[in-house]
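Trainee: Sending over a structure as structure tokens; questions will come in a sec.
The values are calculated or read from the model by the stated rules, or taken from the named source; none is laboratory data. Predicted model, so just to flag it, every value in this text is computed and none were measured. FYI the Cβ positions are ideal-geometry reconstructions off the backbone, even for glycines, and counts take in every protein chain you see. These area figures cover heavy atoms from the full protein model, side chains too; ligands, DNA and RNA do not enter into them. Shrake-Rupley method; radii C 1.70, N 1.55, O 1.52, S 1.80 Å.
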Amino acid sequence: MPTTVDLNELMALPDATGHFGPYGGRFASETLMGALDELAALYEKMWRDPEFQAEFDRDLAHYVGRPSPLYHAERLSRELGGAQIYLKREDLNHTGAHKVNNTIGQALLAKFMGKPRVIAETGAGQHGVASATVAARLGLECVVYMGAEDVRRQALNVYRMKLLGATVVPVQSGTRTLKDALNEAMRDWVTNVDNTFYIIGTVAGPHPYPKMVRDFQCVIGREARQQCLAQTGKLPDALVACVGGGSNAIGLFHPFIGDADVRMVGVEAGGYGLETGQHAAPLCKGRPGVLHGNRTYLMEDDAGQIIGTHSVSAGLDYPGVGPEHAWLKDTGRAEYVAINDDEALDAFRRLTRVEGIMPALESAHAIAHAIKMAPQMSPDQVLLVNLSGRGDKDIHTVADIDGITV
Amino acid sequence: MSRIQSCFEKLKVSGRKALIPYVTAGDPVQEVTVDLMHALADSGADIIELGVPFSDPMADGPVIQLACERALRAGTRLLDVLAMVAEFRQRNTDTPVVLMGYLNPVEAIGYRTFMEKAREAGVDGVLTVDLPPEEADEFCAALRDNGLDAIFLLAPTTSDARMKQICERGSGYVYYVSVKGVTGSAALNVDEVESRVTAIRSMTNLPVGVGFGIKDRASAAAVSRVSDGVIVGSVLVNKIAELADHPERIAPEVAAIVADLRAGMDDA
């Protein structure tokens, strides 16, 4: 669907109150409204402050290791016989995923506000690890909320967080996954709002989080744009990224919103298949509602209760999605598809064997869709895929599926 | 005059404060709720806050989270809650009923449709904990058109300027959240509550109800001295949880707690 909206206006969103069209906003407990106002005002000021920008850029360069490479996956491209596939290597960042771009930024804000304690929610554990990492570096107390089910399937990351000095709290309520971890983190924040900074890991939550997290992650797309121009002499024909909450995807997409010829494709978790209902694909199959502080597409029943999701990847196992994606979908600027568990697992194995790069199961969803798209495109076209994280954390999950005890 | 307004007028004349119990509708089974509401009214409740169960009750502590889970397992959805209010109204036309919950179930039905059904069922007010006034224009218009009161929360962290705005948007009463935290959390500080309630009263003529952290007869009595109403939830919901396997004992035993709180407040 071609978009009819003004792309410059689309790129300038959200408005002053955090809305992307009808989505976003600030649907939070009254106790938090003052803290959100304070955070929004401080963030707007700091983001325009050259000193803050310089410190952020310095940390990204020397601590995270940016810029991350843009890698031409020649062997995979040749096998598929279509578009040239380029991988944005966020897996090579310190801590192994794109999540750290955001935690570096939010930790700088926490430091500036003088908050001695940070909290975070995590699904796959990557955001928890990235939060525990920056907390260790700044000497902040760190508490990470993680669904009990995710604690089980991401044991390696749980231990990493503990080594980093964080307290990991398994959340037993609800579906015991990412959404419940987010609920519990909000409850902590409402109780300890005076001394605590809540580092949200994705482009969701009440304003200013969707904007702030996006701005911190946009380094992905800005670099990719320059690197693609430098390496291929043109912009990519299409971008592909996986979408759970959607922070790696928005970080890649946003700097390209104004480039009307660049297709943007977000890949949701199709789980056992969209037709089974057992998936985590609110943009493909959900409808608009309000959860976790923003209006967006949700997986819910007819009565507005949030329903359980399923994905082989804990990081995509979430019933909502960032509000900017909801608006990119409605305006037609981006398109959203789903990849099933087994397709993602195939892509995990294929990229590992063909390119020697083991992707996170989340990122494997994007790879799987690129494998479908590339043969439909011509060899002079460029398909740029965000490889948002590395797959080490998923080795146990894949081994389990193979019936092997590691 | 709305049922809530006339309730507070009558209390004022008799020199009493409102006792406002909260229970989650359909907890642990749908059959108990209407009888429980009658028992609450008969034992001294002036207004009933009826919780609408939600899958993700972010503002609630473990006691009410578990109540939501029990009620949802029992199949309780927003339309079922409205049916309970309609049944309650067959025998009670005096006691105001305020629905308290989260926005998404209302979004799913649609504001206008929900408000019309709520009015027909005999609901008096709606309190949506994740809907701040900034996002509530359309919601409040639909409430107003159906003669329903918009109950808003005020928190210890709410600035004076914001308090004024919220009081202007609200009707019926305002709900002062006495502690930073979730429902059922730490005990409140009565002196702090008193100074905040005084500040709120300087901005609005609406009655001020106080909730969160009221656990027993003594705290209910203390809060009633400095406010217009005492809201009690987790302590009642805890009792319901204890009796989940004996639903027939829920109405009388929860009513006994309410009667005790009532006595404490009336002696205060």
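Trainee: Only one of (1) open to solvent by 60 Å² or more (accessible area, probe 1.4 Å); (2) more than 10 Å from chain B (Cβ to nearest Cβ); (3) in a loop (DSSP other than H, G, I, E, B) fails for A:Val5. Which number is that?
Mentor: (1)
Conditions (1) crowded, with 22+ Cβ neighbours inside 10 Å; (2) small (Gly, Ala, Ser), marked per residue:
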residue	(1), (2)
B:Ala186	no, yes
B:Ser202	no, yes
B:Gly211	yes, yes
B:Arg225	no, no
B:Pro247	no, no
B:Glu253	no, no
B:Ala259	no, yes
B:Asp266	no, no
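Trainee: Could you list all residues from the stretch A:12-36 that are more than 10 Å from chain B (Cβ to nearest Cβ), under 20 Å from A:Asp215 (Cα atoms) and part of a loop (DSSP other than H, G, I, E, B)?
Mentor: A:Leu13, A:Pro14, A:Asp15, A:Ala16, A:Gly21
Trainee: Follow-up question, since we're still on this one. So, of the residues in the stretch A:304-331 that are in contact with a Leu (Cβ under 6 Å, 6 or more places away or on another chain) and among the small types (Gly, Ala, Ser), which turns out to be farthest from the other protein chains (Cβ to nearest Cβ)?
Mentor: A:Ser313
Trainee: With the condition being touching a residue at least 60 places away in the same chain (Cβ under 8 Å) and open to solvent by 30 Å² or more (accessible area, probe 1.4 Å), I'd like the helices (runs of 4 or more DSSP H) fully within the stretch B:9-107 carrying at least 2 qualifying residues.
Mentor: Working: elements: B:31-42, B:62-73, B:78-91.
Output list reads B:31-42, B:62-73.
Trainee: Within the stretch B:129-143, how many residues are more than 12 Å from chain A (Cβ to nearest Cβ) and either farther than 26 Å from B:Val197 by Cα or in contact with a Phe, Trp or Tyr (Cβ under 9 Å, 6 or more places away or on another chain) (or both)?
Mentor: Residues meeting the conditions: 3.
Trainee: Restricting to the stretch A:369-406, what's the tally of residues that are more than 30 Å from A:Cys228 (Cα to Cα) and either of a type in the set (A, V, I, L, M) or within 17 Å of the chain's Cα centre (by Cα) (or both)?
Mentor: Residues of the stretch A:369-406 more than 30 Å from A:Cys228 (Cα to Cα): A:395-406.
The next check asks that each one be either of a type in the set (A, V, I, L, M) or within 17 Å of the chain's Cα centre (by Cα) (or both); those that pass are A:395, A:398-399, A:401, A:404, A:406.
Total meeting the criteria: 6.
Trainee: With the structure loaded, tell me whether A:Gly123 is modelled with pLDDT of 95 or more and either touching a Leu at 6+ places or on another chain (Cβ under 6 Å) or farther than 30 Å from A:Leu163 by Cα (or both) or whether it fails that test. Walk me through how you get there before you give the answer.
Mentor: On the way: modelled with pLDDT of 95 or more: no; either touching a Leu at 6+ places or on another chain (Cβ under 6 Å) or farther than 30 Å from A:Leu163 by Cα (or both): yes.
Criteria not met by A:Gly123.
Trainee: Another question, if that's okay. Among the residues of the stretch A:247-264, write down those that are farther than 10 Å from A:Ala334 by Cβ and small (Gly, Ala, Ser).
Mentor: A:Ser247, A:Gly251, A:Gly258, A:Ala260 - these are the residues of the stretch A:247-264 that are farther than 10 Å from A:Ala334 by Cβ and small (Gly, Ala, Ser).
Trainee: Further question: Residue check: is A:Arg89 under 16 Å from A:Gly244 (Cβ atoms) and open to solvent by 10 Å² or more (accessible area, probe 1.4 Å)?
Mentor: Working: under 16 Å from A:Gly244 (Cβ atoms): no; open to solvent by 10 Å² or more (accessible area, probe 1.4 Å): yes.
No.
Trainee: In the stretch A:294-343, what count of residues is obtained for those that are in a loop (DSSP other than H, G, I, E, B), of a type in the set (Gly, Ala, Ser) and either more than 29 Å from B:Val106 (Cα to Cα) or under 17 Å from the mean Cα position of the chain (by Cα) (or both)?
Mentor: Filtering the stretch A:294-343 for residues in a loop (DSSP other than H, G, I, E, B) gives A:299, A:301-305, A:307-313, A:317-322, A:332-334.
Add one more test, that the residue is of a type in the set (Gly, Ala, Ser), and what stays is A:303-304, A:308, A:311, A:313, A:320, A:322, A:332, A:334.
This time we only want the ones that are either more than 29 Å from B:Val106 (Cα to Cα) or under 17 Å from the mean Cα position of the chain (by Cα) (or both), so: A:311, A:313, A:320, A:322, A:334.
Total meeting the criteria: 5.
Trainee: Moving on. Which of the residues that make up the stretch B:179-210 are among the aliphatic types (A, V, I, L, M) and not in a loop (DSSP other than H, G, I, E, B)? If you could, list the steps in order and put the result at the bottom.
Mentor: Quick first cut of the stretch B:179-210, residues among the aliphatic types (A, V, I, L, M) only: B:179, B:182, B:186-188, B:190, B:193, B:197, B:199-200, B:203, B:206, B:208, B:210.
Within the stretch B:179-210, B:Val190, B:Val193, B:Val197, B:Ala199, B:Ile200, B:Val208, B:Val210 meet the criteria.
Trainee: Does the stretch A:366-379 include one or more residues that are outside any helix (DSSP H, G or I), open to solvent by less than 20 Å² (accessible area, probe 1.4 Å) and in contact with a helix residue (DSSP H, G or I) (Cβ under 6 Å, 6 or more places away or on another chain)? Can you show your working first?
Mentor: Step one: of the stretch A:366-379, the residues outside any helix (DSSP H, G or I) are A:377-379.
Okay, now just the ones that are also open to solvent by less than 20 Å² (accessible area, probe 1.4 Å), so none.
No, the stretch A:366-379 has no match at all.
Trainee: At negative phi, hydrophobic (A, V, I, L, M, F, W, C) and away from chain A (no Cβ under 12 Å): which single residue out of B:Val174, B:Val190 fits that description?
Mentor: Working: B:Val174 fails: away from chain A (no Cβ under 12 Å).
Just a single option satisfies the conditions, and that option is B:Val190.
Trainee: If B:Arg162 passes every condition in (1) open to solvent by 10 Å² or more (accessible area, probe 1.4 Å); (2) away from every other protein chain (no Cβ under 12 Å) but one, which one does it miss?
Mentor: Result: B:Arg162 fails condition (2) only.
Trainee: Tell me whether the stretch A:128-135 contains one or more residues that are open to solvent by 10 Å² or more (accessible area, probe 1.4 Å), of a type outside the set (S, T, N, Q) and either in a helix (DSSP H, G or I) or at pLDDT 95 or above (or both).
Mentor: Scanning the stretch A:128-135, I find no residue that is open to solvent by 10 Å² or more (accessible area, probe 1.4 Å), of a type outside the set (S, T, N, Q) and either in a helix (DSSP H, G or I) or at pLDDT 95 or above (or both), so the answer is no.
Trainee: Of the residues A:Ala41, A:Ala73, only one is at negative phi, among the aliphatic types (A, V, I, L, M) and open to solvent by 50 Å² or more (accessible area, probe 1.4 Å); which? Let's see the steps before the verdict.
Mentor: Details: A:Ala73 fails: open to solvent by 50 Å² or more (accessible area, probe 1.4 Å).
Answer to the selection: A:Ala41.
Trainee: Follow-up question, since we're still on this one. How many residues does the stretch B:37-66 contain that are within 15 Å of the chain's Cα centre (by Cα), hydrophobic (A, V, I, L, M, F, W, C) and either under 20 Å from B:Asp245 (Cα atoms) or away from chain A (no Cβ under 14 Å) (or both)?
Mentor: Summing the residues that are within 15 Å of the chain's Cα centre (by Cα), hydrophobic (A, V, I, L, M, F, W, C) and either under 20 Å from B:Asp245 (Cα atoms) or away from chain A (no Cβ under 14 Å) (or both) in the stretch B:37-66 gives 8.
Trainee: Also, quick follow-up: What helices (runs of 4 or more DSSP H) completely inside the stretch A:190-264 contain at least 1 residues that are open to solvent by 10 Å² or more (accessible area, probe 1.4 Å), β-branched (Val, Ile, Thr) and over 21 Å from A:Gln84 (Cα atoms)? Walk me through how you get there before you give the answer.
Mentor: Working: elements: A:209-217, A:219-232, A:247-253.
Answer list for the stretch A:190-264: A:219-232.
Trainee: Shifting gears a bit: In the set A:Leu156, A:Leu108, which member is assigned to a helix (DSSP H, G or I), of a type in the set (A, V, I, L, M, F, W, C) and at pLDDT below 95?
Mentor: Numbers: A:Leu108 fails: at pLDDT below 95.
Just one listed residue meets the conditions, A:Leu156.
Trainee: Please work out if B:Cys167 is touching a helix residue (DSSP H, G or I) at 6+ places or on another chain (Cβ under 8 Å), in a helix (DSSP H, G or I) and away from every other protein chain (no Cβ under 14 Å).
Mentor: On the way: touching a helix residue (DSSP H, G or I) at 6+ places or on another chain (Cβ under 8 Å): yes; in a helix (DSSP H, G or I): yes; away from every other protein chain (no Cβ under 14 Å): no.
Considered against the rule, which asks whether it is touching a helix residue (DSSP H, G or I) at 6+ places or on another chain (Cβ under 8 Å), in a helix (DSSP H, G or I) and away from every other protein chain (no Cβ under 14 Å), B:Cys167 comes out as no.
Trainee: Moving on to the next point. Report yes if B:Glu120 is of a type in the set (D, E, K, R), within 12 Å of chain A (Cβ to nearest Cβ) and under 30 Å from B:Glu31 (Cα atoms), otherwise no.
Mentor: Numbers: of a type in the set (D, E, K, R): yes; within 12 Å of chain A (Cβ to nearest Cβ): no; under 30 Å from B:Glu31 (Cα atoms): yes.
Answer is no for this residue.
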